[in-house]
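Readers should treat all values here as calculations from the given coordinates under stated rules, not as data from a laboratory. This structure is a prediction, so every number in the text was calculated from the model and none was measured. No Cβ is skipped: glycine too gets one built from the backbone with ideal geometry, and neighbour counts run over all protein chains shown.
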Amino acid sequence: MSVTAPRGSSISWRHGRRYQHGLAAMLGLGLVAISPGLARSADAYLPIVMPITGFLSVEGGSQRNGAVMALEHAPGGKTIDYPIFDTGTSATGAATALDKALSNGKPIAAAVSVFGTEMIAMMPVAAEYKVPLLTISGLAKITESDNPYIFRFLPNDREIKVAHARYVVETLKKTKIALISDTTAYGQGGFALLKEDFTKLGVKPVYEDSTIAPDTKDMSPLLSKVKASGADAIVVHSVAAPMALIVKQAKAAGITVPIINSSSIVEPTATALFEPAELKDVCAETPSAPETRATPKIKEWADAYKAKFGIEPDGLALGQYDGVMMALTLIAKGAKTPEDLRAALQKETYEGVAMTYKSNGKGDLSHDAEIVCWDGTSRIPKVVAHYAGADMVLK
């Protein structure tokens with residue numbers, strides 16, 4: 001749920017902070033900035049508001065790393081104040097944490113959660129404060145709700161799911177698909193889009209299940225139904241934890257059909273759970289795959305990331321890095337207020353590390369996707385397909 005005033009009350013986000021923060025305290029959210037105190041001499045205030053704890057802490061940690069890496073290297077000699085606020089992987093925590101972050105200074109923007117459920121709760125806060133939010137959440141709804149303060153630096157699920165489905169049908173030539181998702185807003189949104197895309201490609205899944213809770217541990221009932229369906233491929237759209245368990249338990253059960261996942265499984269903390277052989281015939285869609293070091297530019301960035309954080313990067317970290325770096329570049333070029341930055345993000349083109357970013361007018365700036373697969377010899381996947389622009393549209 002989101003933190004709002006009681007029905008019939010005139011309390012607004014900005015004027016109802018005592019109410020919100022009191023409720024947060026009662027819920028035990030502990031919304032204290034993780035980083036040191038605010039440095040008021042900084043050139044700009046750009047807080048990080050992300051899931052550092054909870055079941056999405058893996059994804060949140062990755063995007064936090066990308067944001068921090070950008071903020072520590074702001075162009076133009078700018079110094080940025082960037083306290084980190086933990087959303088706790090909850091809608092209530094996200095809305096209240098963002099309100100606290102935006103009320104603690106004069107923000108020009110905020111780097112915010114990958115989690116669609118949290119983003120929905122944050123959107124009215126952004127509209128109230130009129131501050132741009134820089135996100136990598138794929139949930140289609142967030143840039144399809146006429147909120148001019150949302151800017152996304154990973155492909156909209158409406159686009160990237162086309163790449164996901166096309167690879168399964170057109171490249172792998174699979175037509176008997178088991179389609180699985182979790183119960184998060186992200187899982188449900190992607191599940192609906194994949195069903196729509198498979199239909200457009202002339203394929204009807206032989207098995208569907210969108211009821212997997214994010215904290216499910218035993219996937220054997222699900223996998224028994226998948227085997228009984230005669231599926232020739234398993235397509236999963238979920239957050240990291242259930243997806244990793246589905247793959248690991250499928251391999252242990254002797255299921256050998258290809259498993260094509262959404263991007264969360266590409267995270268190094270997810271692939272670390274597997275022996276390389278367990279990843280054979282596993283693929284995923286991802287906005288980028290910096291761990292493959294496919295270009296000199298990406299290699300330089302990935303090497304710097306690994307040196308700083310001690311782990312391989314992923315597309316979430318790179319997407320958040322590019323998004324924050326685009327905002328910082330526009331600040332260095334003269335954007336002085338949130339409105340200046342919002343207008344610049346809508347019209348400017350930015351050449352990032354992963355790709356070129358350009359808004360479609362709704363706040364979607366990323367329009368490239370890759371399919372990566374593992375060959376069973378390494379935890380580092382190989383890029384097997386690239387989709388961009390018209391490739392990610394089905395009629």
Neighbour-count ranking for LYS161, LYS174 (other C-beta within 10 angstrom, fewest to most) reads LYS174, LYS161
Here, VAL383 and LEU273, labelled 7 Å along Cα→Cβ, have an inter-label distance in nm of 2.7 nm
So, over other residues within a Cβ distance under 14 Å of SER220, counting Lys, Arg +1 and Asp, Glu -1, the net charge is +3
Checking ARG293, ARG158, ARG64 against a Gaussian network model of the chain (alpha-carbon springs below 10 Å), the top fluctuating residue turns out to be ARG293
Helix 240-252 sits off the longest principal axis of the Cα atoms of the chain, rounded to the nearest 10 on a 0 to 90 degree scale, by 20 degrees
Footprinting proxy, PHE191, PHE274: sorted fewest to most Cβ within 10 Å, the residues are PHE274, PHE191
Least to most buried among GLU118, GLU267, by other C-beta atoms within 10 Å and fewest first, runs GLU267, GLU118
Simple spin-label estimate for LYS308/LYS173, 7 Å along Cα→Cβ, in nm, reads 4.5 nm
Of all DSSP beta bridges having both residues in segment 120-278, the percent classed as antiparallel (nearest 5) is 0 percent
Between the Cα axis of helix 17-26 and the main Cα principal axis of the chain, the angle (0 to 90°, nearest 10) is 50 degrees
Both in Å, the radius of gyration and Dmax of the C-alpha trace of segment 83-201 are 16.5, 54
GNM of the chain, Cα pairs under 10 angstrom: of TYR207, TYR82, TYR186, the biggest fluctuation goes to TYR207
Summing -39500 (n - 2.57) over every DSSP H run of at least 4 residues in the chain and dividing by its residue count gives a helix-only mean residue ellipticity at 222 nm, to the nearest 500 deg cm²/dmol, of -11500 deg cm²/dmol
The relative contact order of the chain, taking Cα pairs under 8 Å that sit 6 or more residues apart, comes to a percentage of 17 percent
Reduced to Cα centres, the span from segment 238-301 to segment 48-118 in Å works out to 25 Å
With R₀ set to 22 angstrom, the calculated FRET efficiency between the beta-carbons of ASP375 and GLU351, to the nearest 0.05, is 0.10
Rg from C-alpha atoms of segment 242-368, normalised by the globular rule of thumb 2.2 N^0.38 Å, equals 1.29
Here the percent of antiparallel bridges among DSSP beta bridges lying wholly in the chain, to the nearest 5, is 30 percent
Computed over segment 331-371, the relative contact order (Cα-Cα under 8 Å, seq sep at least six) in percent reads 25 percent
The local net charge around ALA178, scoring Lys/Arg +1 and Asp/Glu -1 for residues other than ALA178 whose Cβ lies under 14 Å from its Cβ, equals +3
Log entry: pair-distance distribution for segment 143-241, C-alpha pairs binned every 10 Å from zero, whole % per bin is 15, 44, 31, 9, 1
The chain, Gaussian network, Cα under 10 Å: of HIS237, HIS73, HIS164, the residue fluctuating most is HIS73
Here the relative contact order (percent) of segment 263-395, from C-alpha pairs under 8 Å and at least 6 apart, is 31 percent
